[in-house]
Amino acid sequence: MKSDALRGHLDALLLATLDGRQLHGYAIIEALQLRSGGALDLPTGTVYPALRRLERAGYVGSEWSTVGGRQRRTYTLTSAGERALAAERTAWHEFTRAIEGVLGGGAWPARA
């Protein structure tokens, strides 16, 4: 998938991936890849800065934990992040309806 197509959607994708989950950074990358059928294979240099930005904005919280003897930072949605995700989902549905209206090949509405 073209990286240009993701521009403006990365934060929403990360929030949706964290919805109801507590994941470390690499698990977020794996989940995005799995849920997209392999279309989203984002580099760590894209994901980690975005997670830090979302944390500074108050949408994501993080804490350090030990998994298999290794220290990992795990991320969760905050209540503000849940609200932001709901708003992103609404905006996405409106956007896709509008684009489908143009690209979907349906009939033109009758003129008044």
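For this structure, a couple of remarks:
- Between segment 67-112 and segment 14-59, the alpha-carbon center distance in angstrom: 14
- Build a GNM of the chain with springs between Cα atoms under 10 Å apart, and of GLY20, GLY68, GLY81 the one that fluctuates most is GLY68.
- Mean ellipticity per residue at 222 nm, deg cm²/dmol - from DSSP H runs of n ≥ 4 across the chain, formula -39500 (n - 2.57): -17500 deg cm²/dmol
- Take the Cα of GLU63, go 7 Å toward its beta carbon, and the backbone nitrogen atoms of segment 19-54 under 19 Å from that spot belong to 19-28, 52.
- Relative contact order [Cα under 8 Å, 6+ residues apart], the chain, whole percent: 27
- With Cα atoms, 0 to 90° folded angle of helix 44-56 axis to the chain main axis: 90
- For the chain, the longest principal axis of the Cα atoms and the long axis of helix 79-103 meet at an angle of about 30 degrees.
- Between ALA16, ALA98, ALA50, the residue with the greatest mean-square fluctuation in the GNM of the chain (Cα pairs under 10 Å linked by springs) is ALA98.
- Projected onto planes of every orientation and averaged, the convex hull of the alpha-carbon atoms in the chain covers 9.2 nm².
- Max mean-square fluctuation residue, GNM over the chain, Cα-Cα springs under 10 Å, options SER62, SER79, SER36: SER36
- Global form of segment 21-64, assessed from the alpha-carbon gyration tensor, a/c cut-off 1.5: prolate
- Note on TRP108 and SER79: their simple-model spin labels are 5.1 nm apart, each label 7 Å out from Cα toward Cβ.
Every read-out reported here was derived from the displayed coordinates using simple, explicitly stated rules and does not represent laboratory data. Just so you know, these numbers come straight off a predicted model, no measurement behind them. We place every Cβ from the backbone using ideal geometry, glycine too, and count neighbours over all the protein chains shown.
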